[in-house]
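Participant: My structure is below; once you've seen it, I'll send some questions.
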Amino acid sequence: MGLGCARALAAEGVTVVLAARSQERLDAAAATVSPTHGAQVFTLVADVSDMQQSLDLVERSNELVGGIDILIANAGGPPAGDFAGTDLDQYLPALHLNLLSTIALCKATVPSMCERGWGRVVAITSVSVRQPIPHLILSNTARAGLTGFLKTLAREVAAQGVTVNSLQPGLHATDRLVGLYDDVDAVAAGIPAKRLGDPDDFGRIAAFLCSDSAGFIMGSAIPVDGAAYAGLQ
């Protein structure tokens, strides 16, 4: 999902910094990004579940690009599990990965966005924030907390020209989905749209939220799920 966002932003001429825990994976990802209008693509190794590494990532990114205007906050999901099978000591690593990492990245980037009077924060959460997904109790819990943080932050910085929003993906064609489900075709058949989402389409939605045209979209949590979520709100 994050790579789809990087591709879409680079296609609009945005200089992109990709971050992941493996340089090998970063190199493979960067090779699929085709920037236009003279934009560049940089890579940095970092584990955002480590708060200090998140802060260092922002500092190194600032050195590379001279200031961060857009933050796409994205991290892989924690291990699957239900209440009975999830130990108490598994919750803190999940909160570091899917809640505190984004808070740390925002703490390191949003103040300078406010000073410049323009900035975009887009966090990739999950449709589980609206409708918990079975056997993903760690992800459901951490991402729900993050949604509360993002809504609060959005209201505090709106007057400074900074927008804060989240995208809530449903089931998309990603490696993680293949790892979670044995029969991907059956999963797709259960979605009203009768197909999995395309990460590159998802990325283009994120890129729109980062545009000037989306400057009045603030504090929104937008599901992108092929009509899978059945609620009215």
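Where a number appears in this text, it was derived from the coordinates with a stated rule and is not lab data. Since this is a predicted model, take the numbers as computed values, not measurements. So basically every Cβ, Gly included, is an ideal-geometry build from the backbone, and we count neighbours across all protein chains shown.
Participant: Arranged by the count of other C-beta atoms within 10 angstrom, fewest first, what order do 184, 178, 164, 129 take?
Facilitator: Working: 184 14, 178 11, 164 29, 129 22.
Ascending Cβ contact count within 10 Å gives the list 178, 184, 129, 164.
Participant: Further question on the same structure: At R0 = 30 Å, how high is the FRET efficiency between residue 183 and residue 28 if r is their beta carbon distance? Nearest 0.05 is fine. Let's see the in-between values first.
Facilitator: Values: r = 27 Å, r/R0 = 0.90.
E between residue 183 and residue 28, to the nearest 0.05, is 0.65.
Participant: Right, another one. So how strong a dipole does the chain carry about its Cα centre when Lys and Arg Cβ are +1 and Asp and Glu Cβ are -1, to the nearest 20 debye?
Facilitator: 580
Participant: With the cut-off at 32 Å, report for the stretch 2-224 the share of all Cα pairs above it, as a whole percent. If you can, show how the numbers build up before the last one.
Facilitator: Values: 3641 of 24753 pairs.
Value for the stretch 2-224: 15 percent of Cα pairs lie more than 32 Å apart.
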